[in-house]
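The values are calculated or read from the model by the stated rules, or taken from the named source; none is laboratory data. Because the structure is a prediction, the values reported are computed rather than measured. A quick note on method: Cβ atoms are made from the backbone with ideal geometry, for glycine too, and the neighbour counts reach across all protein chains shown.
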Amino acid sequence: MFSLKTPGFAAEIYSVPERGSFSMCSTSIVILAFLAQLSPPSTDPQAKAEAQSLLTEGSGRYEKGDYAGALEKFNAAYAAYPSPKLMFNIGQANRDLSRPVEALEAFEKFLAGDLDASPETTADARKSLAELRNSLGRIRIDCETDGAEVSVDGKSVGRTPLPQPIWSTPGHHQVTASHALTALALENVEVTAGSVQNVTLRLHALAIPVDTPPSAQPAVAPTPPAEPDMQDGQRPVAGREGWWLGRRWTWVAAGSTVLLAAGAITAGLSMQSKYDSLNASCGSTSATRPGCTDGDIASVSTRRNLANVFWGLAGAAAVTTGVLFYFEGRPISAMPVAGEMTGALARVGF
């Protein structure tokens with residue numbers, strides 16, 4: 001460790017062992033005891049102190065091999081106090097995390113902004129920058145539409161026109177451009193180290209519907225309802241017109257039920273009347289009231305049997321009425337299942 005004097009500030013440089021795929025004869029990380037003065041000279045002491053604390057913590061993590069944690073602290077320090085010296089630390093952390101594009105950008109910002117850096121630190125930054133450039137390729141992006149947002153693999157790289165080619169790692173990449181009221185433009189590109197690949201993106205305007213007032217439509221005479229389509233094996237649904245409301249046979253069955261029930265009641269009353277008459281006239285076998293003859297008894301039995309028959313028929317008609325009420329008016333299809341014998345054997349479905 002040795003001391004490096006800068007105008008009005010002191011800095012310490014710690015030697016760091018070689019990391020990653022980039023060889024460096026003297027890799028170093030700068031720990032600023034007091035950050036370099038920015039322009040204008042008036043700075044926030046609290047922000048500077050906060051950045052110094054974050055820088056010290058990040059340097060400790062870097063020495064322990066926690067490059068991700070170190071990069072987080074270095075970025076936080078730069079956000080609190082944007083000194084270009086911090087870009088050297090950020091570049092080293094990104095390089096050791098195998099993020100060569102981000103490392104290259106950080107070293108470029110360090111060399112462009114920190115004019116009072118030590119010759120050793122500047123030489124290390126230039127060496128790292130040269131090695132990174134040799135390992136990367138570039139993509140030159142052309143787009144006829146100015147102001148389009150350009151992204152490489154989903155990461156924004158700026159808006160058109162882009163003055164310089166974009167640095168990229170070797171391999172397959174996806175380049176997109178988007179702009180308001182245009183469709184997304186997308187191109188795939190294969191990048192090799194040390195080469196420059198050209199990509200042209202063309203944006204096409206989206207079709208915007210224009211609201212036009214509806215034109216007056218001529219009056220059209222109402223058309224009669226179309227006849228139902230006759231499909232194979234089907235008959236049209238019964239109409240809903242007329243007093244029967246599409247249930248003609250239901251009403252026939254219901255009427256039959258009423259008539260048969262009336263007949264049963266009539267036969268029952270006739271039987272009861274005959275029985276009461278016979279019971280009053282010949283209910284006993286006394287001398288004055290002899291017993292009933294076989295013909296008298298048979299007449300009562302006949303009326304009873306007739307009443308029972310009517311009641312049975314009325315019940316059957318009532319059941320038929322219920323079945324017809326459920327099924328009548330629905331489409332019925334019949335599908336022949338016996339080959340050429342159409343209608344000889346059919347399956348009927350409701």
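Descriptive notes on the structure:
Okay, residues lined up against (1) at pLDDT 90 or above; (2) at negative phi; (3) within 34 Å of the chain's Cα centre (by Cα); (4) of a type in the set (A, V, I, L, M):
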| residue | (1), (2), (3), (4) |
| --- | --- |
| 132 | yes, yes, no, yes |
| 135 | yes, yes, no, no |
| 141 | yes, yes, yes, yes |
| 146 | no, yes, yes, no |
| 149 | no, yes, yes, no |
| 158 | no, no, yes, no |
| 166 | no, yes, no, yes |
| 175 | yes, yes, yes, yes |
| 179 | no, yes, yes, no |
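- Condition met for residue 128 (out of contact with any strand residue (DSSP E or B) (no Cβ under 6 Å at 6 or more places or on another chain), in contact (Cβ under 8 Å) with a residue 24 or more places away in the chain and under 29 Å from residue 88 (Cα atoms)): yes
- No other residue among 267, 334 is modelled with pLDDT under 55, in contact with a Lys or Arg (Cβ under 8 Å, 6 or more places away or on another chain) and surrounded by 15 or more Cβ atoms within 10 Å (Cβ to Cβ) apart from 334.
- Identity of the residue in segment 88-117, of a type in the set (Gly, Ala, Ser) and more than 25 Å from residue 171 (Cβ to Cβ), that ends up farthest from the chain's Cα centre (by Cα): 117
- Inspection of segment 171-186 identifies no residue that is in contact (Cβ under 8 Å) with a residue 40 or more places away in the chain and either among the charged types (D, E, K, R) or closer than 27 Å to residue 84 by Cα (or both).
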